Amino acid sequence: MSLRIDFSPDVITDLESCFATEEICHDFLFRLRWPRGFTCPRCECVKGWVVRGGLYECGYCKYQVSVTSGTILQNTRVPLKTWFRAIWWLVGQKNAASPMELKRSLDLGSYKTAWTMLERLRQAMAQPDEPSLHGITEVSQIFLPENSSLPYSVDSDNGILLAVAAQVNGQDIEQIRMSRLTDDSSGTIHTFLDDTVKPGSVVRTDRSDDYADLDQNDYAHERFLEDINGHDGARAISSINEVVSLFDRWLTGTSIRNNPHQRFDCYLDEFVFRFNATRSESPYEFFYKILLKVSQTKLAPEQLKAKVNAASGR
């Protein structure tokens, strides 16, 4: 089976025309999911054939599976062509994607359909399979207050505490990681670092006692004081402030801007994924990366159903 798409930016001038039929979209997803040919997800047999309804039947255990089975596209009634258009639309958004705008742009039948599609795509973008940050990484804790903008601090109880790590090269930010914290204890921030930063990396922080023993945790620790824009206190690191400022602007127009506890993590994961992808990839490669995640991410149906019901007020 041929991939049938030349995916180089030099060739693609109209991505939608390249995925103009369900067959082309199906073939592309097949190659993303099974690049070496069909493999049974149950017994891993590599022999199989197409049966009724576009299903593939395993030649050994007779298990039948579609190209979308077990992925975030499972049981969707939305055509693959529409999913591809939605992903390309998502790539082009400068701020957090709005279900209403997606509905209007793709002429979808309902707000609920657009909302569910975005939730599934965000679920794919949230999968933690990126390599750890390395080299020089700047780290800080930032408080995102409700109903306010910069400056940020950690001196309020009305908002969300974030851990932010930025891999830097000179003045350039290469990759980031962000996570909501339950508290600002040293144990919590150390867990975040263990999950996101490769041992042996240089970790730059402010002079907070939360980072006092990082040298004992396989990191080369650099502590410094920086005061930005007249803010007092030692928690302002330039790369961290740039990332959080971008995140703040990116949230413009979303419901969580005034209520950051509402589905905050979904938007946070999308921002981190988008920030990292756009730092190193063209829009076409970004589109491909989301499709690759879509083809490999398992749907969490109960979690999604609960979100849909919440959005519908049920």
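For the stretch 1-24, filtered to residues that are assigned to a helix (DSSP H, G or I) and modelled with pLDDT of 90 or more, the residue that is surrounded by the most Cβ atoms within 10 Å (Cβ to Cβ) is ILE24.
For the subset of the stretch 205-220 comprising residues that are within 22 Å of ILE160 (Cα to Cα) and part of a loop (DSSP other than H, G, I, E, B), which member is modelled with the highest pLDDT? Can you show your working first?
First, the residues of the stretch 205-220 that are within 22 Å of ILE160 (Cα to Cα): 205-211.
Cutting the leftovers down to part of a loop (DSSP other than H, G, I, E, B) gives us 206-208.
Working: ASP206: 82, ARG207: 78, SER208: 79.
Applying the filter and picking the extreme gives ASP206.
For every residue, the table says whether it meets (1) at pLDDT 85 or above; (2) part of a loop (DSSP other than H, G, I, E, B); (3) closer than 12 Å to ALA165 by Cβ.
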| residue | (1), (2), (3) |
| --- | --- |
| ASP184 | no, yes, no |
| PHE192 | yes, no, yes |
| PRO199 | yes, yes, no |
| VAL203 | yes, no, yes |
| GLU222 | yes, no, no |
| LEU225 | no, yes, no |
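Given the criteria modelled with pLDDT of 85 or more and either more than 27 Å from GLU174 (Cβ to Cβ) or of a type in the set (D, E, K, R) (or both), does LYS293 qualify? The answer is yes for LYS293. Considering (1) among the polar types (S, T, N, Q); (2) more than 20 Å from CYS266 (Cα to Cα); (3) surrounded by 13 or more Cβ atoms within 10 Å (Cβ to Cβ), the lone condition that THR71 does not fulfil carries the number (2). Does VAL243 count as at pLDDT 90 or above and part of a strand (DSSP E or B)? When the stated conditions are applied, VAL243 does not pass them.
The set of residues from the stretch 25-42 being farther than 17 Å from THR76 by Cα, assigned to a helix (DSSP H, G or I) and without any contact (Cβ under 8 Å) to a residue 40 or more places away in the chain comprises ASP27, ARG31. LEU133: in contact (Cβ under 8 Å) with a residue 24 or more places away in the chain, buried (at least 20 other Cβ atoms within 10 Å of the Cβ) and within 30 Å of GLY200 (Cα to Cα), yes or no? Criteria met by LEU133. For the stretch 75-93, a residue qualifies if it is without any contact (Cβ under 8 Å) to a residue 12 or more places away in the chain and under 12 Å from ARG274 (Cα atoms), and exactly one does: GLN93.
In the stretch 148-175, the residue that is nearest to the chain's Cα centre (by Cα) out of those that are loosely packed, with under 12 Cβ neighbours inside 10 Å, at negative phi and modelled with pLDDT of 70 or more is ASP172.
So which residues in the stretch 246-285 are basic (Lys, Arg), at pLDDT below 80 and closer than 20 Å to TRP89 by Cα, if there are any at all?
Within the stretch 246-285, ARG279 is the sole residue that qualifies.
The values are calculated or read from the model by the stated rules, or taken from the named source; none is laboratory data. Quick caveat: nothing in here was measured; it's all calculated off a predicted structure. Neighbour counts are summed over all protein chains in view; Cβ atoms, including those assigned to glycine, are modelled from backbone coordinates with ideal geometry.
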